[in-house]
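Have a look at the structure below before the remarks.
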Amino acid sequence: MIDPWSSAILDYEKLIEQFGIKPFSELLGNVDNPPILMKRGIIFGHRDYGRIIKAMREKSGFAVVTGMMPSGKMHIGHKMIVDQLIWYQKQGADIYIPIADMESYSARGIEFEESRELAITEYLTNYIALGLDFKKKNIHTYLQSENKVVQDLAYILGRRVNLNEMKSIYGFSGSTNISHLYVPLVQVADILHPQLEEFGGPKPTVVPVGPDQDPHIRLTRDIAERFKSKFKFIAPSSTYHRFITGLTGDKMSSSKPKTAIFLSDSPEVAEKKVKSAKTGGRESLEEQRQLGGVPEDCVVYEMLLYHLVSSDAELKDMYHDCKNGTTMCGECKNTASGMMRKFFQELSKKRMIAEGDARKILNRN
Ligand code: TRP
Ligand code: SF4
C-alpha cells in the first residue's frame, strides 16, 4: 500500500513490478522534443501516456491536471512539476491547477484562509516566477473549496465507491476523519472534471505527479470506467517523477528545513546550501583521484542533473570528470553552487513582481 500522506521513500522498481506503472523509457523515443526531465529518466514511469503522445502529435487537444496541497514552503524539488507544466503549456494543453485546500484542511488541519495565503505567497508566486504563463486563456487555477463543479462531481462519483475500497487503497481505518475519507473523491473530480461537457467534453488527460499520488490515479481510472456510460470519460493518463534527494541524503522535505533548498531562499543561502550538500566523493583527495567519485550517490550531481545544466553534452562531461577522478568535489561544488546562486538571483527578482499577480489570480474567482 502507498500512503499519499506519509513521507516514506518509495522503491521505484517495485512500483513498476507491483502496481503496473510502465517504464517511461519504452516510449520516450515517440515524444517530440522531450523536456530534460523525460530525457534524463527523472520521469521514470507512466500509465497510458501513448494517448497523450498521440494527442500532441495530432494536435487534437488534451488536458493536464496537477494540483498542490498547500502545507508549507515550496522547495526546489517542487520545481519539477512547474517545469512540466511549462512544457505542456507550450504543447498547447489545457492546464488545470487545483489548489487542494480541502485536502490540507482534512489531512493536515490547515485552515482555509491559511491555505489561500500559502497558495498565493508560495505556490502561485513561484509558479509565475519560474515561468508559467497565467495570462494564457487555457490555464485554470482554483481552490477546491470554491469550485462547485468539482465538489458536485465528487459527490456524484462517490456513490460508486464504498468504504471497503477506500480502506484497502489508503489504509483508512475506524479513526480516519470523515473529511479525510472523502477528500480523495475531490481529487478524482479535479482530474475528471475537464472532461465534462461544459469544459469541452471527453479528452485525453495527463496527471504528472510523484509516485506517492498513484493511489489517487488508480482510483480515478477505476471510477472513470464505472461512469463511462454516463460521462464518456477517457481514463486519465499519468506520469511519475523521482523525488529529489535532500541535502543530507534523506528525502527533501519542507517539514525538515535542513534537507531543503526553498524557492524563497536568498541566492546566498541557496549557494551555501549546495556547498553543504552530501556528495558522492571519497574520503581523501588521493582516493578520489584514483577511484573517481560516485555521481549516482551525489546530491550535488542531482542538482546539476535535475535543474542546473541544460546542455546534455556539458552534463556528460561533468559526469565523466567525476567518475574519472578528474574533478574534485570542492571544485565541483563551487561550480554547482555558483550556478545555483545565479538561478536564485533571477528567481528572487521575478518572485518580487510575481506575488501581486499571484494574488490577482485567486481574487478573480
Ligand atoms: N494530493 C495532491 C498533493 O498532495 C494535490 C492534488 C489535488 C492533486 N488535486 C490533484 C494532484 C489533482 C494531482 C491532480 O499535493
Ligand atoms: Fe558529486 Fe561533483 Fe564530487 Fe562527483 S565531483 S561526487 S558530482 S560533488
### Query
Here are Asn147, Asn177: which of them is in the same structural domain as Ser60 (by TED's automatic domain parsing), within 13 Å of ligand 1 (Cβ to nearest atom) and closer than 27 Å to Tyr123 by Cβ?
Asn147
### Task
Only residues in region 274-290 that are touching a residue at least 40 places away in the same chain (Cβ under 8 Å) count as the first member; pair them with residues that are away from ligand 2 (no atom under 12 Å from the Cβ) and part of a loop (DSSP other than H, G, I, E, B), Cβ under 6 angstrom, at least 6 apart or cross-chain, and list the lot.
Ala277/Leu247
### Residues satisfying the stated conditions in region 88-106, i.e. closer than 20 Å to Gln195 by Cβ and assigned to a helix (DSSP H, G or I)
Tyr88, Gln89
### Message
Based on this model, can you work out whether Ile191 counts as in contact (Cβ under 8 Å) with a residue 60 or more places away in the chain and within 16 Å of ligand 2 (Cβ to nearest atom)?
### Response
no
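Say whether the condition of being loosely packed, with under 14 Cβ neighbours inside 10 Å, farther than 30 Å from Thr125 by Cβ, over 20 Å from the mean Cα position of the chain (by Cα) and within 12 Å of ligand 2 (Cβ to nearest atom) is met by at least one residue in region 295-310. Write out each step before concluding.
Filtering region 295-310 down to residues loosely packed, with under 14 Cβ neighbours inside 10 Å leaves 296, 310.
Of the ones still in play, those that are also farther than 30 Å from Thr125 by Cβ are 296.
Filter once more, keeping what is over 20 Å from the mean Cα position of the chain (by Cα): 296.
So of that shortlist, the ones also within 12 Å of ligand 2 (Cβ to nearest atom) come out as 296.
Yes, that holds for at least one residue.
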### Task
Would you check which residues across region 6-47 are under 15 Å from Phe243 (Cβ atoms), hydrophobic (A, V, I, L, M, F, W, C) and either modelled with pLDDT under 90 or not assigned by TED's automatic domain parsing to the domain that holds Ile217 (or both) and list them?
Ala8, Ile9, Leu10, Leu15
### Query
Is it the case that region 128-138 has a residue that's touching a helix residue (DSSP H, G or I) at 6+ places or on another chain (Cβ under 8 Å), assigned by TED's automatic domain parsing to the domain that holds His75, closer than 30 Å to Lys14 by Cβ and surrounded by 16 or more Cβ atoms within 10 Å (Cβ to Cβ)?
no
### Message
Can you report the number of residues in region 17-50 which are assigned to a helix (DSSP H, G or I), touching a strand residue (DSSP E or B) at 6+ places or on another chain (Cβ under 7 Å) and surrounded by fewer than 17 Cβ atoms within 10 Å (Cβ to Cβ)?
### Response
0
### Query
Of (1) in contact with a helix residue (DSSP H, G or I) (Cβ under 8 Å, 6 or more places away or on another chain); (2) of a type in the set (Phe, Trp, Tyr); (3) away from ligand 1 (no atom under 15 Å from the Cβ), Trp5 satisfies all except one. Which?
(3)
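The values are calculated or read from the model by the stated rules, or taken from the named source; none is laboratory data. Since this is a predicted model, take the numbers as computed values, not measurements. Cβ coordinates were reconstructed from backbone atoms using ideal geometry, including for glycine residues, and neighbour counts include every protein chain displayed.
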